[in-house]
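The values are calculated or read from the model by the stated rules, or taken from the named source; none is laboratory data. Computed from a prediction, not measured in an experiment: that's the story for all the values here. The accessibility values were calculated without ligands, DNA or RNA, using every heavy atom of the protein model including side chains. Shrake-Rupley method; radii C 1.70, N 1.55, O 1.52, S 1.80 Å.
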Amino acid sequence: MTRIEVFPREGINGVHFGMPRNEVHASLGKPSDNTARSEVIILGESIPNPARDGYFENEMQIFYDEKNLVEFIELSGRGAYLTDVHLASIQVFQIKVDNLLERIALEFGESFDRDDSEIPCSYTFRSLDMVLWRPFGPEDSKIEGEKPDEEDDAAYFWTISIGRKGYFAN
């Protein structure tokens, strides 16, 4: 497994916000998956779809702005077997949701935005430009007709995302 260290507002091992795409490729090698920047039309409105590089079978995805500079990084833990993600001393995807939120508050002295309408699925730490995500909360985790996982699907976050400074300001 490759250990990936997450540094809010800075980046991850060898990749920092504002880094040109070609330098990311020089640092990490050729991505296993990538897409070019495009526009998507939804209900008559043009929505930008950023350029993206995927590494470690898309367990790590790096997104680029219109100048092809790193602006957002997402790491997936659900089913991950190639990466081991750490935030400071915290092994992100090995700690249950409530414990992880407490550990982040202790480690960084920051709390998530308690007014965020996406809770309990998404927890945004605006001061760190960081989001932890899971597809549903504890009350929604048992889907009728589906075989439950060994561990409750909502017990752990599925992704951690970090953005350049100010990315989650609004």
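At-a-glance table
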read-out	value
Rounded accessible area per residue of the chain, 1.4 Å, Å²	56 Å²
Amide proton proximity set for Ile4, modelled H, under 5 Å, gap of 5+	Asp84, Val85, His86
Pairs of lysines in the chain (C-alpha under 28 Å apart; 8 or more residues apart or interchain)	6
Debye log10 I(q)/I(0) for the chain, one point scatterer per Cα, at q = 0.08 Å⁻¹	-0.26
Computed accessible area, Lys67, all protein chains, 1.4 angstrom probe, square angstrom	150 Å²
Percent carbon-and-sulfur accessible area, the range 15-170, ignoring ligands, DNA and RNA, probe 1.4 Å	48 percent
